[in-house]
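Novice: Dropping the structure in here first, questions after.
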Amino acid sequence: MVQVKNVRAGMLLVTDAGLELKRGEVAGAASLSPQMQRAVASGHLVVVRDDAPVAGAPETDTPESLAALQAPDAVARVQAETDAERLRSWLAAEKRRSVVAAINARLQELGSNTG
């Protein structure tokens, strides 16, 4: 079971999951649909609870998938990431300066929070 929260100022429609979320509303689903994954990556949705079993690494966890995102979406995904090792793997594969700068900034944030 996955619970997501709409953090946009207005309503958010997730048609492939049949959700209509008002501002601040939380909804549950069996798993994240493709549209929900994009909304999480872009910062419109936040995963509140994720009890879904991990059957393997999701597509969004590979360094190549970050390159598949447009730069603003990639930066949003980087800013939401809390795993320093994953950030380092993305840094090794990333070529866009704006995304590299976001990864370096996020690594510094995470480094200062651990100490």
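Novice: Any idea of the accessible area per residue across the stretch 1-42, 1.4 Å probe, to the nearest Å²?
Specialist: It amounts to 58 Å² per residue over the stretch 1-42.
Novice: What nm value, rounded to one decimal, do you get for the distance between residue 80 and residue 47 when each label is placed 7 Å out toward the C-beta?
Specialist: Each label point is offset 7 Å from its Cα along the Cβ direction, giving 0.9 nm.
Novice: Calculate the spin-label point distance for residue 109 paired with residue 67, positioning each point 7 Å from the Cα along the beta-carbon direction, and give it in nanometres.
Specialist: Label at residue 67, label at residue 109, 2.5 nm between them.
The values are calculated or read from the model by the stated rules, or taken from the named source; none is laboratory data. All values derive from a computational prediction rather than experimental measurement. A quick note on method: Cβ atoms are made from the backbone with ideal geometry, for glycine too, and the neighbour counts reach across all protein chains shown. Just so you know, the surface numbers come from the protein's heavy atoms only, side chains and all, with ligands and any DNA or RNA stripped out. Shrake-Rupley method; radii C 1.70, N 1.55, O 1.52, S 1.80 Å.
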